[in-house]
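S.K.: Please see the structure below; I have some questions.
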Amino acid sequence: MPRQLLHITSWAHEFVAEVVGPGDFAVDLTAGKGSDALFLARKVAPGGRVLAFDIQEEALECSRRTL
């Protein structure tokens, strides 16, 4: 039986994990609380980079604390 993903974020992480790896460059266009940027940072380490954007200063500050 195929594995069911309960949340769209889980699906996105599964997909990204298949194509992003160490040394890669990744972009998070909705930094939010920083959890996706942290996920990306772990996938591209070592030697990779993540660039995270958000239009809300509060989201950027939250992301800074998370990372």
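S.K.: Looking at region 30-44, which of its residues are of a type in the set (Lys, Arg) and surrounded by 18 or more Cβ atoms within 10 Å (Cβ to Cβ)?
M.R.: The answer is Lys43, and nothing else.
S.K.: Also: Restricting attention to region 45-67, and to residues there that are surrounded by 13 or more Cβ atoms within 10 Å (Cβ to Cβ) and under 10 Å from the mean Cα position of the chain (by Cα), which single residue is farthest from Ala17 (Cα to Cα)?
M.R.: Among them, the one singled out is Ala52.
S.K.: Being β-branched (Val, Ile, Thr), at pLDDT 90 or above and crowded, with 17+ Cβ neighbours inside 10 Å is the requirement here; does Val27 meet it?
M.R.: No; evaluated as a whole, the condition is false for this residue.
S.K.: Filter region 6-56 for residues that are among the basic types (Lys, Arg) and touching a helix residue (DSSP H, G or I) at 6+ places or on another chain (Cβ under 7 Å) and give the result.
M.R.: The answer is Lys33, Lys43.
The values are calculated or read from the model by the stated rules, or taken from the named source; none is laboratory data. All values derive from a computational prediction rather than experimental measurement. Cβ sites come from the backbone with ideal geometry, for glycine too, and all protein chains shown count toward neighbours.
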